[in-house]
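Enquirer: Shown below is the structure under consideration.
The values are calculated or read from the model by the stated rules, or taken from the named source; none is laboratory data. None of the values given here were measured: they were computed from a predicted structure. Glycine gets a Cβ as well: all are built from the backbone with ideal geometry, and neighbour counts include every protein chain shown. Keep in mind that these areas ignore ligands, DNA and RNA; they rest on the heavy atoms of the full protein, side chains included. Shrake-Rupley method; radii C 1.70, N 1.55, O 1.52, S 1.80 Å.
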Amino acid sequence: TYIVNDVNFEEGPGKKSFELKNGDKMSVAEYFYKTYKLKVCDHNQPMVVIGQGTKTINIPAEFCLRDGVPDSVRNCGKSMR
């Protein structure tokens, strides 16, 4: 579970790349296929930007699910604290 910091409409998973520890560059689309066997359908879709510690991670929107706090918890003040 992650908290969304931003949505990147400028660079899709086919354009956005990052550097691996060995110095090679890889696109986000290539990374998701090689790591998770998930093929990106639209290389120009927006990417969800999340923060994990000091890292910024870009996830293709098609691989994200929206989740929230269930009503049973939201309606109980003690649980929300």
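Enquirer: Considering (1) part of a strand (DSSP E or B); (2) touching a residue at least 12 places away in the same chain (Cβ under 8 Å); (3) among the hydrophobic types (A, V, I, L, M, F, W, C), say which one MET26 fails and leave the rest.
Expert: For MET26, the failing item is (2).
Enquirer: Cβ-Cβ below 9 Å, separation at least six or inter-chain, first residue in the stretch 34-55 and free of Cβ contacts under 8 Å to residues at least 24 places away in the same chain, second open to solvent by 100 Å² or more (accessible area, probe 1.4 Å): which pairs?
Expert: Final answer for the pair search is LYS39/TYR33.
Enquirer: Moving on. From VAL40, VAL48, grab the single residue that is of a type in the set (A, V, I, L, M) and under 12 Å from the mean Cα position of the chain (by Cα).
Expert: Criteria check complete, one pass: VAL48.
Enquirer: Would you mention how many residues in the stretch 43-61 are more than 12 Å from GLU11 (Cβ to Cβ) and either of a type in the set (A, V, I, L, M) or at pLDDT 95 or above (or both)?
Expert: The qualifying residues number 5.
Enquirer: Additional query: Given the conditions (1) closer than 15 Å to ALA61 by Cβ; (2) surrounded by 14 or more Cβ atoms within 10 Å (Cβ to Cβ), and given that ASN5 satisfies all but one, which numbered condition is not satisfied?
Expert: (2)
Quick grid of which residues meet (1) outside any helix (DSSP H, G or I); (2) more than 18 Å from THR1 (Cβ to Cβ); (3) open to solvent by less than 50 Å² (accessible area, probe 1.4 Å); (4) out of contact with any Asp or Glu (no Cβ under 6 Å at 6 or more places or on another chain):
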position	(1), (2), (3), (4)
GLU11	yes, yes, no, yes
LYS21	yes, yes, no, yes
THR35	no, yes, no, yes
ASN44	yes, yes, no, yes
ILE50	yes, no, yes, yes
THR56	yes, no, no, yes
ASP67	yes, no, no, yes
